[in-house]
Amino acid sequence: MIRFWRQAPLPLLLLILGYGFWVSPDFKEIAAGVALFLFGMLSLEKGFKAFTGGTLEQVLRASTNRLWKSIAFGITSTTLMQSSTLVSLVTISFVSAEMITLAAGIGVIMGANLGTTTGAWLIAGLGLRVDIAGYAMPALVVGVILLLQRSKVLQGIGYLALGVGFLFLGIHYMKEGFEAFQGAFDLSGYVIPGILGVLLYTGIGMLITVIMQSSHATLLVIITALATGQISYDSALALAIGANLGSAITTAIGGMTANLGGKRLAIAHVLFNVMTATVAIVFIGQMAWAVDHLGALIGLADDEYLLKLALFHTLFNLLGVILLAPFTGVLERALIKYVNPAPKSREKPLYLYPGALETPATAISALRKEVGHLYDNAHDLIAHGVSLRRSVIDSDQSLADAVKNTRRIIPLDVDDVYEAKIKSLHSDIIAFISEIQGRELSQQSVEQLYDLQQASRDIVEAVKATKHLQKNLSRHGLSANPLIRERYDVIRLQIARVLREIRQLRTQDPETVTRLSLDAIKLSVQKSGRSFTADLNELIRGRRLSSSIATSMMNDENYAFEICSNLIEASHALLLPPTRAEQSAEGQLALNEQDIARMAGGNSNPRTRTHTDENEKTAG
Amino acid sequence: MKTKKLLARLAGFLSADQTAQREELKSIRKVLKKLKAKERDLTARLEQTPPGDEHEEIAQKLQVIYAQRRKGVERVRELKGRTQNPSPS
């Protein structure tokens with residue numbers, strides 16, 4: 001919503017409003033009503049956000065595993081929040097973070113469309129009959145008192161009360177404004193009959209909703225205008241259809257900034273609303289007839305147009321749900337098949353977008369995926385850095401044979417690839433983390449953020465070490481001297497094994513994988529390092545290798561150790577178990593550095609990572 | 001709700017420390033189960049692998065799993081002792 005206003009030509013808008021205020025005091029009252037109504041919605045949004053960060057996410061996941069549950073969830077949440085836009089945008093962020101499936105997202109959107117119709121009932125049934133401003137005042141007072149409290153929960157409730165208060169006050173001002181407006185200007189004289197009129201009013205309804213970014217506000221305008229006789233009942237029906245279409249556009253604007261999952265859901269929303277609107281426009285006569293009959297059944301008088309409009313709104317949205325719900329699976333498959341990412345280089349973030357910041361859970365989930373993306377880029381670069389194809393690492397082929405049979409060093413400008421595929425992504429990750437840190441987070445979220453930031457840094461360190469290693473590898477890796485070649489083969493094999501082991505762990509079912517498997521990789525790296533050094537010392541003692549090449553090898557083995565250790569540490573953050581209790585259990589069972597050093601066959605002094613830049617000074 | 005259930009709930013509420021320990025016990029057992037499954041898988045692979053580098057790698061992985069499971073079993077014993085004989089507070 002805010003983004004739209006930022007992009008809108010603000011001076012022009014202010015000019016039009018200024019002119020309106022100058023010309024008509026009634027317009028001023030109507031505009032103030034809309035402004036208060038929108039402000040009330042913002043407050044409600046803020047209030048509900050105070051309760052996210054755990055509860056909402058858990059409820060969402062449990063409530064969307066079946067289509068009917070998704071629809072029911074959409075109805076309930078929209079009824080409570082009185083904003084289908086908010087529910088749709090939050091759903092987009094959940095689908096984007098792959099926390100719920102696309103089909104579940106479509107279900108929630110359908111439910112939200114139905115849930116939003118409760119607003120029409122509320123406004124038509126209560127808003128214009130009861131002195132709603134009378135209820136607004138206590139809500140505002142209570143809201144402000146709660147807002148001044150320290151407890152976040154009370155503040156959240158305060159925002160909710162303020163939201164309700166401002167919504168009611170907005171309705172009141174709009175009603176007053178339209179009543180006064182009626183005497184001065186009669187819109188009902190401009191009724192256009194036939195399909196042209198329906199299309200025109202649908203367009204107007206859509207436009208008002210896009211401008212106000214709220215179908216609720218549009219419905220309020222429609223209902224108050226209808227109540228004061230400014231527009232005819234038929235025009236109001238068409239305007240309500242337009243309001244529905246407009247709300248899809250609002251979501252589409254939000255969805256366009258999301259990732260692929262979000263875009264697919266936004267498209268589903270537009271398709272759903274366009275289809276529902278088309279059916280409603282084509283069968284508007286039959287629908288009006290059905291409303292009359294149903295209205296009579298539930299005891300509505302013929303001239304109770306407000307409630308009849310609310311009934312129409314509910315009926316055509318319900319019709320849309322009934323028509324589309326059986327095809328949710330088909331729609332999901334079609335969207336996955338036809339809506340594909342534009343080919344783009346891998347260095348662009350795939351999961352970080354502003355919508356993911358909606359809640360801490362979506363933000364951290366998106367961040368974990370992005371660090372995984374960075375890891376994948378680093379995996380490819382490091383594999384090439386040790387002159388092995390990614391396909392070889394990912395296959396079951398013997399790595400020892402692949403290393404032994406290497407005939408050429410793969411040409412690679414590590415600096416170039418680092419700049420393009422690693423550094424830019426790392427910067428985006430760091431920027432995203434600072435964005436999240438600006439929000440309120442639980443202790444657990446803070447720890448997860450720290451781990452992911454550290455993982456991103458570890459990946460970068462591994463790539464930097466690859467750069468140094470690759471320089472010597474291209475010089476000596478395929479040396480004609482078998483003693484040198486064999487030592488470099490050992491280094492390459494160790495790195496390739498770590499890449500393969502981690503890749504296998506990351507592709508396994510998260511239910512069966514445990515981070516404890518990383519201990520075995522650590523032990524293997526430690527053992528390999530010790531045996532390498534012992535071998536090298538023997539060769540130096542026997543004067544079979546010159547000390548200069550031996551020094552280079554020692555440095556390179558150190559780089560290899562850096563690469564492996566950093567990759568292991570990074571994957572530690574990526575292979576996070578589902579619950580905190582399991583994380584702590586794994587922590588208790590994990591071998592510490594001393595255990596690993598002892599098992600590697602030496603004293604219990606662990607070999608620790610050194611910073612790559614420190615090695616740079618001694619690089620051979 | 002039956003009285004027994006109510007009493008169990010009340011006891012759980014009053015001994016938050018014990019509840020945490022039970023949770024810990026449950027999580028460790030879950031992880032131990034994963035390790036056991038992995039161990040079985042690796043043992044089967046070890047039997048089919050001829051002596052060589054790969055054989056050695058698998059044996060090493062098994063060695064790590066034994067060490068981790070030992071730690072886990074010790075912790076389980078410790079926690080079981082505590083939940084059965086809670087220390088006076």
Exercise for review: With respect to A:GLU511, determine if the residue is more than 23 Å from B:TYR66 (Cα to Cα) and either open to solvent by 10 Å² or more (accessible area, probe 1.4 Å) or out of contact with any His (no Cβ under 9 Å at 6 or more places or on another chain) (or both).
Suggested key: no
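Could you please let me know if A:TYR351 is under 30 Å from A:LYS421 (Cα atoms) and either without any contact (Cβ under 8 Å) to a residue 40 or more places away in the chain or in contact with a Phe, Trp or Tyr (Cβ under 6 Å, 6 or more places away or on another chain) (or both)? Reasoning before the result, please.
Working: under 30 Å from A:LYS421 (Cα atoms): yes; either without any contact (Cβ under 8 Å) to a residue 40 or more places away in the chain or in contact with a Phe, Trp or Tyr (Cβ under 6 Å, 6 or more places away or on another chain) (or both): no.
So A:TYR351 fails the test.
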Check your understanding: Looking at (1) touching a Pro at 6+ places or on another chain (Cβ under 9 Å); (2) modelled with pLDDT of 90 or more, which is the only condition B:ARG40 fails?
Key -> (1)
Review point. For segment A:452-468, what are the residues that are touching a residue at least 40 places away in the same chain (Cβ under 8 Å) and either surrounded by fewer than 19 Cβ atoms within 10 Å (Cβ to Cβ) or in contact with a Cys (Cβ under 6 Å, 6 or more places away or on another chain) (or both)?
Key: A:GLN454
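Say whether the condition of being touching a residue at least 12 places away in the same chain (Cβ under 8 Å), open to solvent by less than 40 Å² (accessible area, probe 1.4 Å) and charged (D, E, K, R) is met by at least one residue in segment A:532-551.
Within segment A:532-551, the first condition is being touching a residue at least 12 places away in the same chain (Cβ under 8 Å), and the residues that meet it are A:532-533, A:535-536, A:539, A:544-545, A:548-551.
In the following step, the residues that additionally are open to solvent by less than 40 Å² (accessible area, probe 1.4 Å) were identified as A:532, A:536, A:539, A:545, A:549-550.
Those left that are additionally charged (D, E, K, R): none.
Checked segment A:532-551: no residue is touching a residue at least 12 places away in the same chain (Cβ under 8 Å), open to solvent by less than 40 Å² (accessible area, probe 1.4 Å) and charged (D, E, K, R).
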Check your understanding: Out of segment A:296-338, which residues are at pLDDT below 85 and of a type outside the set (A, V, I, L, M)?
Key -> A:GLY299, A:ASP302, A:ASP303, A:GLU304, A:TYR305, A:LYS308, A:LYS337, A:TYR338
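For segment B:24-49, name all the residues that are among the β-branched types (Val, Ile, Thr) and either open to solvent by 30 Å² or more (accessible area, probe 1.4 Å) or within 11 Å of chain A (Cβ to nearest Cβ) (or both). So that I can check it myself, show each step before the final result.
To start, the set of residues in segment B:24-49 that are among the β-branched types (Val, Ile, Thr) comprises B:28, B:31, B:43, B:49.
Those that are among the β-branched types (Val, Ile, Thr) and either open to solvent by 30 Å² or more (accessible area, probe 1.4 Å) or within 11 Å of chain A (Cβ to nearest Cβ) (or both): B:ILE28, B:VAL31, B:THR43.
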Check your understanding: For A:TYR375, are the conditions met, namely being aromatic (Phe, Trp, Tyr), more than 30 Å from A:LYS471 (Cβ to Cβ), surrounded by 14 or more Cβ atoms within 10 Å (Cβ to Cβ) and not assigned by TED's automatic domain parsing to the domain that holds A:TRP68?
Key -> no
Check your understanding: Can you name the number of the only condition in (1) among the aliphatic types (A, V, I, L, M); (2) more than 28 Å from A:ALA455 (Cβ to Cβ); (3) touching a Lys or Arg at 6+ places or on another chain (Cβ under 9 Å) that A:ALA334 fails?
Key -> (3)
Study note, to complete from the structure: A careful count of residues in segment A:469-496 that are in contact with an Asp or Glu (Cβ under 6 Å, 6 or more places away or on another chain) and either surrounded by fewer than 22 Cβ atoms within 10 Å (Cβ to Cβ) or not in a helix (DSSP H, G or I) (or both) gives 1
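Does A:LEU237 satisfy the condition of being at pLDDT 85 or above and out of contact with any Gly (no Cβ under 9 Å at 6 or more places or on another chain)? Walk me through how you get there before you give the answer.
Details: at pLDDT 85 or above: yes; out of contact with any Gly (no Cβ under 9 Å at 6 or more places or on another chain): yes.
It is true that A:LEU237 is at pLDDT 85 or above and out of contact with any Gly (no Cβ under 9 Å at 6 or more places or on another chain).
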Study note, to complete from the structure: Here the residues within segment A:348-362 that are among the hydrophobic types (A, V, I, L, M, F, W, C), buried (at least 19 other Cβ atoms within 10 Å of the Cβ) and in a helix (DSSP H, G or I) are A:ALA356, A:ALA361
Practice item. Kindly provide the set of residues from segment A:309-348 that are within 30 Å of A:ASP234 (Cβ to Cβ) and free of Cβ contacts under 8 Å to residues at least 12 places away in the same chain, ordered by number. Key: A:ILE322
Exercise for review: Go through segment A:570-589 and count every residue that is crowded, with 20+ Cβ neighbours inside 10 Å and within 7 Å of chain B (Cβ to nearest Cβ).
Suggested key: 3
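Which residue out of A:ASN273, A:ASN340 is in a helix (DSSP H, G or I) and among the polar types (S, T, N, Q)?
Details: A:ASN340 fails: in a helix (DSSP H, G or I).
The conditions single out A:ASN273.
Residues are listed down the side, and each one gets a yes or a no for (1) open to solvent by less than 20 Å² (accessible area, probe 1.4 Å); (2) under 21 Å from the mean Cα position of the chain (by Cα):
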| site | (1), (2) |
| --- | --- |
| A:ALA217 | yes, no |
| A:THR228 | yes, no |
| A:TYR233 | no, no |
| A:LEU237 | yes, no |
| A:GLY242 | yes, no |
| A:ILE249 | no, yes |
| A:GLY255 | yes, yes |
| A:LYS263 | no, yes |
| A:ALA266 | yes, yes |
Check your understanding: Of all the residues that make up segment B:39-55, how many are in a helix (DSSP H, G or I) and more than 17 Å from A:SER517 (Cβ to Cβ)?
Key -> 4
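The values are calculated or read from the model by the stated rules, or taken from the named source; none is laboratory data. Worth saying up front: this structure is predicted, and the values here are computed from it rather than measured. Every residue, glycine among them, receives a Cβ derived from its backbone with ideal geometry; neighbour counts consider all protein chains shown. These area figures cover heavy atoms from the full protein model, side chains too; ligands, DNA and RNA do not enter into them. Shrake-Rupley method; radii C 1.70, N 1.55, O 1.52, S 1.80 Å.
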